[in-house]
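> I'd like to ask you about the structure that follows.
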Amino acid sequence: MCGIVGYIGKRQAAPILLEGLKRLEYRGYDSAGIAVFHAGELFLMKRKGSVRALSRAKGAEGSLGIGHTRWATHGAPSARNAHPHVYRNIVLVHNGIIENAEDLRRECLARGERFASETDSEVIAHLIAHVYRGDLLCAVRESCSRLEGAYALAVMCKEEERIVCVRQKSPLVVAEEDGEQFVASDLPALAGKAERAYVLCDGEYVSLGKALTFYDSALNPIEKAPEKGQQAQDSAAKGRGHFMLREMAEIPAAMAKTAQNFEKEYQNSGLCEVLCHAEYIDIIACGTAYHAGLCAKYAIEAAVRIPVRVSVASEYRYMDPIVKRGTLAVAISQSGETADTLAAAQLAKAKGANLLAIVNVQSSSLSRIAEHVLMTYAGQEVAVAATKSFNAQLMALYLLTEKLARAKGRTLSLPPLAKAAKEALVRSEAVRAWAERFAAARDAIFIGRGADYCTALEGSLKLKEITYLPSEGYPAGELKHGTLALIGEDTPVVAVVTEEGTARKTMNAVHEVAARSGKVFLVTMFAELCKEKEVFASLLLPKTSGLFSPAVAVIPLQKLAYHTALARGNDPDKPRNLAKSVTVE
Ligand code: G6P
């Protein structure tokens with residue numbers, strides 16, 4: 001998935017497009033490009049790599065343009081495959097995946113057309129150029145009827161002074177103020193740009209130009225209300241240095257703010273009645289959000305005693321899941337735009353579940369399809385590897401657990417988790433000293449039991465994402481059934497131990513690792529364990545309940561990944577091959 005921007009107004013377009021693209025870089029940074037029209041002449045610049053490579057385009061003349069930052073799906077990351085794609089009079093940027101691109105491409109080739117790139121997106125430019133008869137909007141619609149898959153498009157043509165956009169399963173927002181109009185993949189890209197912002201729904205078209213006009217899928221003009229209270233805010237972490245580091249520093253605030261707003265969120269969500277009748281919980285998410293879901297399963301099953309299933313959304317959507325009556329489906333997503341999570345959530349709803357979204361972006365697609373919404377208050381997260389949003393998700397999920405317990409006649413009270421997270425942040429500075437050893441390792445293993453296993457999974461994912469070291473998160477007791485074979489001289493093994501009942505059991509695995517010359521790095525709440533001779537290095541966490549400990553115990557693991565990435569010379573904010581918001585399958 002990619003980020004797209006567009007501008008039409010009275011100012012020079014290029015600086016506005018470049019600024020918008022910078023804000024969208026978290027959606028991909030394999031290549032970038034902009035196209036600007038000036039008196040019918042097209043300026044086009046495309047470069048491999050990040051938006052920075054386009055800095056020379058800043059001076060381009062013209063007040064009508066579109067831009068793109070790419071996460072490669074079809075075709076390698078290269079200038080050739082970068083957007084905007086130009087074919088004859090048509091110039092376009094695309095976010096999404098066209099699943100029947102090969103068939104369409106063959107059709108175009110049979111007409112004698114030549115392609116300049118290997119992308120699925122260029123095919124759309126060919127289709128539009130082929131059917132263009134003087135009305136760009138009609139040509140875009142006619143072409144879209146041929147497309148299968150997901151797309152958000154911004155299209156210009158030489159003959160018309162406007163940008164035509166459409167959305168189908170990939171996000172798109174537009175905004176206007178004072179005769180200026182903007183389009184982008186999300187609201188933060190338009191931060192501070194315009195007062196009135198509108199979110200396009202699937203199948204809707206919009207034409208930006210003399211007027212901002214919205215159309216339904218049959219091109220009937222429609223009225224759209226601006227988003228309430230959705231002024232695009234610039235809430236990315238302030239300060240200098242890597243976003244990931246600044247975002248980790250904001251973990252306690254993200255947790256505290258989520259907790260402060262929870263009661264209001266809960267009352268507005270209409271969940272009260274639903275929780276009383278909920279007999280099963282079906283959690284759906286991807287990546288880090290999936291790990292938050294796993295943590296919630298341990299907490300809910302232990303504290304509320306109702307069954308919880310946690311599924312990776314991309315599996316759930318194709319496994320014809322059995323959804324029993326009385327199921328509350330909980331879709332967790334930072335962005336609220338992850339394609340797999342959206343599809344899985346829709347499926348759960350269609351199968352009769354009540355759908356609750358736990359989401360960090362208010363106007364996201366997920367919050368729109370859900371019957372109930374609980375917001376997390378992590379603020380904008382820019383670094384691709386999720387940190388503060390995970391802790392905020394846990395806060396919301398644990399507070400939901402508390403409500404569920406009450407609905408089922410049980411009592412549960414959460415320990416002061418934001419306070420413990422603050423203390424953990426300070427103590428975690430010590431793991432900087434571990435980074436060199438991890439940076440030099442061939443691989444790493446993270447182990448734990450119960451909630452600690454979930455922490456181990458998330459710690460391992462963080463390390464993989466930004467250091468590119470192969471890493472496994474494993475249940476401590478399962479190590480001996482295979483994975484122990486990976487332990488060699490000096491293999492770093494992070495053991496997470498916060499649950500009193502199973503601490504000794506996990507320490508058995510620690511002994512097994514040390515006996516095979518592995519190096520054990522212990523993250524624990526129990527001071528006495530740090531003194532054991534098998535422990536190579538340790539970090540003592542502030543005391544909190546083991547069941548809710550992932551929100552605290554993950555912090556040193558996030559820091560470990562960060563410092564190891566730096567030691568390996570990687571940019572922790574922009575790991576290779578990844579993007580923050582995956583709006584394609
Ligand atoms: C991408 C990101 C991950 C994130 C996952 C789910 O893969 O790189 O960091 O956890 O998507 O994103 P969501 O916005 O749904 O939480």
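> Go through Thr387, Thr376 for me and flag whichever is within 16 Å of the ligand (Cβ to nearest atom) and closer than 20 Å to Val496 by Cβ.
Only one candidate passes the filter, namely Thr387.
> In the stretch 315-347, how many residues are within 30 Å of Val382 (Cβ to Cβ) and in a helix (DSSP H, G or I)?
10
> Show the residue pairs that are 6+ apart or on different chains and have beta-carbon atoms under 6 Å apart, the first residue being within the stretch 285-298 and closer than 16 Å to Ala456 by Cβ, the second being within 10 Å of the ligand (Cβ to nearest atom).
Filtered contacts from the stretch 285-298: Thr288/Ala386; Thr288/Phe390; His291/Glu458; Ala292/Ile332; Ala292/Phe390; Ala292/Gln393; Gly293/Ala285; Gly293/Ile332.
> Report, by residue number, each residue of the stretch 161-179 that is farther than 12 Å from Thr213 by Cβ and either in contact with a helix residue (DSSP H, G or I) (Cβ under 8 Å, 6 or more places away or on another chain) or among the hydroxyl-bearing types (Ser, Thr, Tyr) (or both).
Val166, Gln168, Lys169, Ser170, Pro171, Val173, Ala175
> Leu92: within 21 Å of Gln181 (Cβ to Cβ), crowded, with 17+ Cβ neighbours inside 10 Å, among the hydrophobic types (A, V, I, L, M, F, W, C) and out of contact with any Lys or Arg (no Cβ under 6 Å at 6 or more places or on another chain), yes or no?
yes
Yes or no, residue by residue, for (1) over 20 Å from Leu539 (Cβ atoms); (2) modelled with pLDDT under 95:
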position: Ala451; (1), (2): no, no
position: Thr455; (1), (2): no, no
position: Leu461; (1), (2): no, no
position: Pro475; (1), (2): yes, no
position: Leu486; (1), (2): yes, yes
position: Val493; (1), (2): no, no
position: Val497; (1), (2): no, no
position: Gly501; (1), (2): yes, yes
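> Another question, if that's okay. Looking only at helices (runs of 4 or more DSSP H) that fall completely inside the stretch 448-537, which ones have 2 or more residues that are closer than 20 Å to Tyr298 by Cα and touching a Phe, Trp or Tyr at 6+ places or on another chain (Cβ under 9 Å)?
Here the list reads 451-467, 500-515.
> So Glu429 passes all but one of these: (1) out of contact with any Cys (no Cβ under 9 Å at 6 or more places or on another chain); (2) more than 16 Å from the ligand (Cβ to nearest atom); (3) over 30 Å from Asn570 (Cβ atoms). Which condition number does it fail?
Among (1) out of contact with any Cys (no Cβ under 9 Å at 6 or more places or on another chain); (2) more than 16 Å from the ligand (Cβ to nearest atom); (3) over 30 Å from Asn570 (Cβ atoms), the lone unmet condition for Glu429 is (3).
> Checking Ala357 against (1) within 14 Å of the ligand (Cβ to nearest atom); (2) small (Gly, Ala, Ser); (3) farther than 21 Å from Tyr266 by Cα, which test does it fail?
With (1) within 14 Å of the ligand (Cβ to nearest atom); (2) small (Gly, Ala, Ser); (3) farther than 21 Å from Tyr266 by Cα applied to Ala357, the lone miss is (3).
> Need at least 3 residues that are in contact with a Gly (Cβ under 8 Å, 6 or more places away or on another chain) and either within 26 Å of Tyr26 (Cα to Cα) or at pLDDT below 95 (or both) per element, so show me which strands (runs of 3 or more DSSP E) inside the stretch 142-192 make the cut, counting only ones lying wholly within it.
149-157, 160-168, 180-184
> Can you name every residue in the stretch 542-557 that is crowded, with 23+ Cβ neighbours inside 10 Å and either within 12 Å of the ligand (Cβ to nearest atom) or assigned to a loop (DSSP other than H, G, I, E, B) (or both)?
The one that is crowded, with 23+ Cβ neighbours inside 10 Å and either within 12 Å of the ligand (Cβ to nearest atom) or assigned to a loop (DSSP other than H, G, I, E, B) (or both): Ser549.
> Just checking, which of Thr564, Thr483, Thr502, Thr498 is among the β-branched types (Val, Ile, Thr) and touching a Lys or Arg at 6+ places or on another chain (Cβ under 6 Å)?
Unique residue meeting the criteria: Thr502.
> Please go through the stretch 14-50 and pick out each residue that is within 23 Å of the chain's Cα centre (by Cα), under 27 Å from Glu160 (Cα atoms) and either surrounded by fewer than 24 Cβ atoms within 10 Å (Cβ to Cβ) or free of Cβ contacts under 8 Å to residues at least 40 places away in the same chain (or both).
Correct list: Leu18, Glu19.
> Does the stretch 60-69 contain at least one residue that is in contact with a Lys or Arg (Cβ under 9 Å, 6 or more places away or on another chain), in the same structural domain as Val173 (by TED's automatic domain parsing) and under 23 Å from Cys201 (Cβ atoms)?
Scanning the stretch 60-69, I find at least one residue that is in contact with a Lys or Arg (Cβ under 9 Å, 6 or more places away or on another chain), in the same structural domain as Val173 (by TED's automatic domain parsing) and under 23 Å from Cys201 (Cβ atoms), so the answer is yes.
> Looking at the stretch 563-583, is at least one residue at pLDDT 95 or above, farther than 16 Å from Gly448 by Cα, within 16 Å of the ligand (Cβ to nearest atom) and hydrophobic (A, V, I, L, M, F, W, C)?
Yes, that holds for at least one residue.
> Something else about it: What are the pairs with Cβ atoms under 7 angstrom where one residue, in the stretch 378-393, is touching a residue at least 40 places away in the same chain (Cβ under 8 Å) and in a loop (DSSP other than H, G, I, E, B) and the other, located anywhere, is near the ligand (Cβ under 9 Å from one of its atoms) and of a type in the set (A, V, I, L, M)? Sequence gap at least six, or different chains.
Going by the 7 Å Cβ cut-off, the qualifying pairs are Val384/Leu578; Val384/Ala579.
> Residue under question is Ser413, and the condition is that it be modelled with pLDDT under 95, under 16 Å from Gly293 (Cβ atoms) and either within 13 Å of the ligand (Cβ to nearest atom) or surrounded by fewer than 19 Cβ atoms within 10 Å (Cβ to Cβ) (or both); does it hold?
When the stated conditions are applied, Ser413 does not pass them.
> Take the conditions more than 16 Å from the ligand (Cβ to nearest atom), outside any helix (DSSP H, G or I) and either at pLDDT 95 or above or on the phi > 0 side of the Ramachandran plot (or both) and apply them to Ile300. Does it pass?
no
> Restricting to the stretch 92-108, count the residues that are basic (Lys, Arg) and either within 16 Å of Ser145 (Cβ to Cβ) or part of a strand (DSSP E or B) (or both).
The qualifying residues number 0.
> Further, regarding this structure: Here is a list: Ala435, Ala396, Ala444. Which entry is surrounded by 21 or more Cβ atoms within 10 Å (Cβ to Cβ), in contact with a Ser or Thr (Cβ under 7 Å, 6 or more places away or on another chain) and in the same structural domain as Ala561 (by TED's automatic domain parsing)?
The conditions single out Ala444.
> For the stretch 454-493, what are the residues that are aliphatic (A, V, I, L, M) and over 26 Å from the mean Cα position of the chain (by Cα)?
Answer for the stretch 454-493, where residues must be aliphatic (A, V, I, L, M) and over 26 Å from the mean Cα position of the chain (by Cα): Ala476, Leu479, Leu484, Ala485, Leu486, Ile487, Val493.
> OK, next. Considering only the stretch 271-281, I want to know if a residue exists there that is more than 16 Å from the ligand (Cβ to nearest atom), in contact with a Ser or Thr (Cβ under 6 Å, 6 or more places away or on another chain) and either in a strand (DSSP E or B) or of a type outside the set (A, V, I, L, M) (or both).
Yes, there is a match, as at least one residue in the stretch 271-281 is more than 16 Å from the ligand (Cβ to nearest atom), in contact with a Ser or Thr (Cβ under 6 Å, 6 or more places away or on another chain) and either in a strand (DSSP E or B) or of a type outside the set (A, V, I, L, M) (or both).
> Select, from Tyr316, Tyr290, the only residue that is closer than 18 Å to Ala385 by Cα, at pLDDT 95 or above and either surrounded by 24 or more Cβ atoms within 10 Å (Cβ to Cβ) or within 14 Å of the ligand (Cβ to nearest atom) (or both).
Tyr290
The values are calculated or read from the model by the stated rules, or taken from the named source; none is laboratory data. Not measured: the values here are computed from a predicted model. Methodologically, a virtual Cβ is constructed for each residue, glycine included, from the backbone with ideal geometry; neighbour enumeration extends over all protein chains shown.
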